[in-house]
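The values are calculated or read from the model by the stated rules, or taken from the named source; none is laboratory data. Not measured: the values here are computed from a predicted model. As a convention, Cβ positions derive from the backbone with ideal geometry for all residues, glycine included, and neighbour counts pool all protein chains shown.
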Amino acid sequence: MLEEQIQHERRPNKFVNWCREWIHQWQLQSMVIPGIIFMVIFNFIPIYGLTLAFKSYSVTSTMADAPWVQFQNFKTIISDKYFWQSVQNTVGISAIKLIIEFFLPIILAILIFELKWTPFKKVVQTITYLPHFLSWIILGGMLITWLSSNGMMNQVLNALGISVHTNYMLDGNKYWWIASLSDVWKEAGWGTILYLATMSKIDPTYYEAAEMDGASKLRQIWSITIPEMTNIISLNLILSVSGLFNSNLDQTLVLMNSQNQPKAEVINSYVYRVGLTQGDFSYATAVGLGVSIISVILLIVTNQITKKLNDNQSVL
C-alpha cells in the first residue's frame, strides 16, 4: 500500500500535463481560441433563447420577464394546418433531393475519377463545381427567366413542335421537382469532392490485380471503388437523413411566390415568416426546437443502422 501511494504521488497531474502540452504548442493552440470564442458566442449562448419556446414573449418585454406558458406553443403547433402543410412540403422536397442528390454525386465522382485525360477532367470538375459558388439570388433569377412563359424551356419545346406557353414557376404542382432538381444542379458537383479525395487514396495495385484477373471496368468499380468508399458514403447518408427537415431557406425565399406558396412553403420559411414577419418569436422557437429534436433522433437512428451495416463500426 505504501509503494502504491508513493507511485500515485509521483504520477504527474493530468492538469499539469495538459498545461505543459499547451505551453509547448502555444502557437497552434492559440489559433483554436478564436474558433472557441465564435462557438461560445454563436452556438452556446443562444441556447438560452430556447426558453422562448415555453414562454409568451413579445418585443415589449425581456426574455426573463416573459410569462411561462409551459407547452402551450407546442399544442398550437399540433393544431396549425399551415405548419403541417410546410412539413409535408419539406419532407416531399427533401425526399426527392435525398434520392437524387445522394446517388448522383457518387456516380459523377466515379465518372470523373475514371477519366484519363487530365485537362478534360479538370474542365469537367470546374463546370460541375461552378454552380455551388453562385448564390441563389443569381441561380433563382436564371430559373425564373428560363421557366417563364417566354423562357428558354418553352422556346426549346416550341422548337421541337410542342406548343407550350406555361409559366412553370406559377404552377405549385411542379414546384417540388423544380426545387429539388435545381438544388441537385447546384450541389451535385460540389458533393463529389469527398468521394474523389477518397478514391485518390485507393491503392492502384488493386485495379491492376483485378484487370489481370479479367475483371471489367464495371466489376472493378463494384468490387473495389465502392467498398473503399463505404465510410464516406455512410457518413453522407447519415448527414442527409438527419437534415431531412432542414430545407434550403435561401432557395425558398427566391423561388416562392403567391401562386406556388401552398407547395413551396417549407418549415424554415414558415419559421422565418411567423417569427420575423409576424413577430411570434415564441411559436417560431417552438417549431425550430421540435425540428431540431426530430433531426437528432434521425441522426441517431441512421447512425445505428449504418453501424450495423458496417460490422458495428460507426463513422461518427
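Which of (1) of a type outside the set (Gly, Ala, Ser); (2) at pLDDT 90 or above; (3) out of contact with any Lys or Arg (no Cβ under 8 Å at 6 or more places or on another chain) is the odd one out, the single condition THR118 does not satisfy? Going through the list (1) of a type outside the set (Gly, Ala, Ser); (2) at pLDDT 90 or above; (3) out of contact with any Lys or Arg (no Cβ under 8 Å at 6 or more places or on another chain), THR118 breaks only (2). Any residue in the stretch 201-216 that's within 12 Å of GLU228 (Cβ to Cβ): show its pairings with residues that are small (Gly, Ala, Ser) and at pLDDT 90 or above at Cβ separation under 9 Å, as long as the two are six or more apart or on different chains. Once the first residue is within 12 Å of GLU228 (Cβ to Cβ) and sits in the stretch 201-216, no partner that is small (Gly, Ala, Ser) and at pLDDT 90 or above comes close enough. Quick one: is THR76 modelled with pLDDT of 85 or more, buried (at least 16 other Cβ atoms within 10 Å of the Cβ) and over 27 Å from the mean Cα position of the chain (by Cα)? Taking the combined requirement at face value, the residue satisfies it. Just one of the listed residues (THR128, THR118) is in contact (Cβ under 8 Å) with a residue 40 or more places away in the chain and β-branched (Val, Ile, Thr), and it is THR128. Inspect the stretch 32-45 for any residue being more than 26 Å from THR252 (Cα to Cα) and not in a helix (DSSP H, G or I) and give the result as yes or no. No, because not a single residue in the stretch 32-45 is more than 26 Å from THR252 (Cα to Cα) and not in a helix (DSSP H, G or I). Taken over the stretch 236-267, the criterion of being within 19 Å of the chain's Cα centre (by Cα), surrounded by 19 or more Cβ atoms within 10 Å (Cβ to Cβ) and of a type in the set (S, T, N, Q) is satisfied by ASN236, SER242, SER247, ASN248, GLN251, THR252. Test ILE293 against the stated conditions and say whether it is out of contact with any strand residue (DSSP E or B) (no Cβ under 8 Å at 6 or more places or on another chain), surrounded by fewer than 13 Cβ atoms within 10 Å (Cβ to Cβ) and assigned to a helix (DSSP H, G or I). In short, yes.
Each row is one residue, and each column tells you yes or no for (1) within 20 Å of THR90 (Cα to Cα); (2) in contact with a Phe, Trp or Tyr (Cβ under 7 Å, 6 or more places away or on another chain); (3) at pLDDT below 90.
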position	(1), (2), (3)
LEU139	no, no, no
SER149	no, no, yes
ASN158	no, no, yes
ASN167	no, no, yes
TRP176	yes, no, no
LYS186	yes, no, no
THR192	no, no, no
TYR195	no, no, no
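Are any of the residues in the stretch 306-315 acidic (Asp, Glu) and either touching a strand residue (DSSP E or B) at 6+ places or on another chain (Cβ under 9 Å) or modelled with pLDDT under 90 (or both)? There is at least one residue in the stretch 306-315 that is acidic (Asp, Glu) and either touching a strand residue (DSSP E or B) at 6+ places or on another chain (Cβ under 9 Å) or modelled with pLDDT under 90 (or both). Note on the stretch 55-92: residues that are in a helix (DSSP H, G or I) and either acidic (Asp, Glu) or without any contact (Cβ under 8 Å) to a residue 60 or more places away in the chain (or both) amount to 6.
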